[in-house]
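Student: Pasting a structure here, questions to come.
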Amino acid sequence: MPSTLRCKTPAWVEVAISFLLLVQQCVAQNTLVEVKRKYVTANHILDYHNIVDAFGHVSIRNPEDNSTFIMAKGMASALVANDSDLAHYYVSDAYPVRPQDFGRSRSERFIHSEILKRFSGVNSCVHAHTTAVLPYATSDVPFLPVYHIVGYLGLDIPLWDIVPLYNLTDVQDNLVTQPRFGASLAETFGGNGTFPEHVFVLMKQHGFTTCAATIEDAIHQAVYAKDAALAETGQVELRQAYHGAGVECSGGVERLSPEQVEGTKKFLARSGRQTQWELWARQVEVDPLYQNNI
């Protein structure tokens with residue numbers, strides 16, 4: 001029987017392979033560092049625009065391992081600054097990944113884990129209790145897209161209510177502190193698989209959650225939700241002032257048409273969010289309150 005011939009890999013090939021693996025590892029590490037730095041900036045932007053205060057949070061899926069995600073620990077977004085301020089959690093159950101991730105975890109991290117688990121195309125979520133938006137989460141007044149930049153809201157924004165989910169042993173504090181609460185919220189976004197039907201959901205007597213494929217888009221949606229609420233509330237107040245002065249106004253709240261909603265979505269998808277992200281990032285970069293040491 002002929003002997004088996006073995007071809008020895010040339011030394012230069014082994015060196016080349018080792019070098020390529022090292023380069024790949026360095027690129028991955030640089031990518032994660034870049035993502036974490038951008039994540040810290042996102043926290044600062046949310047605070048700068050008064051979308052969050054000491055409460056509210058943003059998440060981002062780990063680019064090195066999409067079965068995990070990154071969130072700041074239980075601290076105000078304005079004060080997030082260092083790598084030690086960030087924790088990694090499993091998408092499957094929001095359980096901490098590393099030993100240093102235990103302690104001071106966000107109690108509502110299940111909002112993020114369940115949305116990321118349900119929609120593979122979602123990579124970032126924002127949850128907030130923005131003052132301008134709260135009236136629409138605490139009343140039966142519909143929240144509507146009233147100008148072109150907020151078409152992403154859609155014409156039928158879901159309102160999620162946690163109360164029907166409570167059992168006799170639950171503390172009824174309106175917080176999403178269990179996977180089943182987060183799963184119900186995620187389901188309210190509609191659809192399955194890659195991306196949700198809605199990217200913005202009001203949470204009754206609580207606030208809102210928005211999600212997106214990128215952290216830039218998630219921040220865009222959170223910031224402009226505040227502007228949308230202010231614009232609609234201003235329109236209502238202006239109409240009331242006119243009526244009080246004896247001036248007649250026809251119709252109800254002016255909003256985008258279905259065609260305009262679709263058109264503005266396409267415009268924003270085409271133009272991207274880079275312009276405002278560059279502005280917002282620079283604003284927080286030069287503000288001494290915000291430190292980014294990643």
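Each value in this text was obtained by applying a stated rule to the coordinates, not by laboratory testing. These numbers come from a predicted model, not from an experiment. Here the Cβ positions follow ideal geometry from the backbone for every residue, glycine too, while neighbour counts run over all protein chains shown.
Student: For Cα pairs less than 8 Å apart in space and 6+ apart in sequence, what is the mean separation divided by the residue count of the chain, i.e. the relative contact order in percent?
Tutor: On the way: 463 pairs, mean separation 64.9, N = 294.
Across the chain, relative contact order equals 22 percent.
Student: A follow-up question, please. Please order F195, F69 by the number of other Cβ within 10 Å, starting at the fewest. List each step's numbers first, then the result.
Tutor: On the way: F195 15, F69 26.
Lowest count first: F195, F69.
Student: Rounded to the nearest 500, what is the 222 nm mean residue ellipticity of the chain from helices alone, with -39500 (n - 2.57) per DSSP H run of 4+ residues and division by all residues? Write down the numbers at each step before the final one.
Tutor: Working: 7 runs with 119 residues, N = 294.
For the chain, the value works out to -13500 deg cm²/dmol.
Student: Oh, and also: So, R0 is 35 Å and r is the distance between the beta-carbons of D83 and Y242; what FRET efficiency does that work out to, to 0.05?
Tutor: Once rounded, the FRET efficiency stands at 0.05.
Student: Next question. What's the exposure ranking of Y90, Y224, Y242, going from fewest to most Cβ atoms within 10 Å?
Tutor: Fewest to most other Cβ atoms nearby, the residues stand as Y242, Y90, Y224.
Student: Taking a label point 7 Å from the Cα of E254 along the Cα→Cβ vector, which residues of the stretch 221-236 have an amide N closer than 11 Å to it?
Tutor: 235
Student: I've got another one for you. When a footprinting reagent is the concern and you count Cβ atoms within 10 Å, what order do Y48, Y95, Y152 take, fewest first?
Tutor: The most exposed by this proxy come first: Y95, Y48, Y152.
Student: If you project the alpha carbons of the chain onto the principal axes, what extent comes out on each, in Å, largest first?
Tutor: Taking max minus min along each principal axis of the Cα atoms, the chain gives 103, 49, 49 Å.
Student: While we're on this one: Which of K204/K226; K73/K204; K38/K73 have a Cα-Cα distance over 21 Å?
Tutor: K73/K204
Student: Related question: Using a Gaussian network model of the chain whose springs link C-alpha atoms within less than 10 Å, name the residue from L202, L116, L230 with the highest mean-square fluctuation.
Tutor: Judging by the Gaussian network model, the answer is L230.
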